[in-house]
1. Quote the relative contact order of the range 11-152 in percent (integer), defining contacts as alpha-carbon pairs under 8 Å separated by 6+ residues.
2. Under 1.5 on a/c is rounded, so check that first for the range 11-152, then, if it is not, pick prolate when a/b is larger than b/c and oblate when it is not; a ≥ b ≥ c are the square roots of the alpha carbon gyration tensor eigenvalues.
3. Full extension from residue 121 to residue 57: what is 0.36 nm times the residue separation minus their Cα-Cα distance, to one decimal in nm?
4. Residue-wise, which Karplus ³J(HN,Hα) couplings in Hz belong to the range 93-102, taking 6.51 cos²θ - 1.76 cosθ + 1.60, θ = phi - 60°, and x for glycine or proline?
5. Which length gain, in nm to one decimal place, applies between residue 152 and residue 111 when the Cα-Cα distance is subtracted from 0.36 nm times their residue separation?
6. Give the long-range amide H neighbours of residue 39: residues separated by 5 or more places, or on another chain, with amide H under 5 Å away, using H modelled in the peptide plane at 1.01 Å from N.
7. From the backbone phi of the range 119-127, what are the Karplus-calculated ³J(HN,Hα) couplings (6.51 cos²θ - 1.76 cosθ + 1.60, θ = phi - 60°) in whole Hz, Gly and Pro given as x?
8. Can you compute the FRET efficiency between residue 138 and residue 72 using 1/(1 + (r/R0)^6), with r the Cβ-Cβ distance and R0 = 22 Å? Round to the nearest 0.05.
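The values are calculated or read from the model by the stated rules, or taken from the named source; none is laboratory data. This one's a predicted model, so the numbers in the text were calculated from it and none came from an experiment. Note that each Cβ is placed from the backbone with ideal geometry, even for glycine, and that neighbours are counted across all protein chains shown. Protein only, heavy atoms only, side chains kept; ligands, DNA and RNA dropped before computing areas. Shrake-Rupley method; radii C 1.70, N 1.55, O 1.52, S 1.80 Å.
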Amino acid sequence: MKETISVLIPEKKIIERTDEIATELSRKYAALRDGKPIVVIGVLKGSVMFMVDLIKRMSVPVELDFMVVSSYGDSTSSSGQLKIKKDLENSIQDKHVLLVEDIIDSGRTLQYLLKYLNDKHPASLTLCTLLDKPERREFDVKVDYVGFEIPDEFVIGYGLDYAQRYRNLPYIGVLSFEE
Ligand code: PRP
């Protein structure tokens, strides 16, 4: 089958929106003035590209950490359980945590991570995602910063993959298949 990509969000728009979010986040954290560290947590692998572009534009110092979460069994089923394949390296207790995702689909991953991270008693927990597919939501999660709401299409690029491919495209594209 032939794979065809059409551009959904060009690189320039992603960078402009990332700039806006980074400015808002910097302002919010700078206003806290409590001296507590800020740690940005990326959920691998999809969030890498967005996380890098976001933190480069933030004007407050941040620490970095990463997690890998995956599903047991059928990853497309909402009843599937999640497990942590790579945990945080450092304590987040009493730190301001910014969790960065590439996309929220059912909301299952974020709901799970939210509870997991909250149980570690951070000073605050802020959720930021580049993409949101609200039509697909099955688990109610409150996201603080959303780059773009998108329709229920198969999106790839800028960190997102199809069978591990296309992650390095500098834009968000819609993948379609033709005979
Ligand atoms: C994607 C994405 C989120 C999750 C969103 O990760 O990065 O973590 O799925 O889906 P949900 O809202 O239905 O839970 P994926 O498991 O594809 O791994 P990847 O980041 O390595 O591509």
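1. 22
2. Oblate is the answer for the range 11-152, as a/c is 1.5 or above yet b/c matches or exceeds a/b.
3. 20.3 nm
4. Going residue by residue, I get 4, 6, 10, 7, 9, 10, 8, 10, 10, 8 Hz, with x marking Gly and Pro.
5. 12.8 nm
6. 63, 96, 97, 98
7. 5, 8, 6, x, 5, 7, 9, 10, 10
8. 0.85
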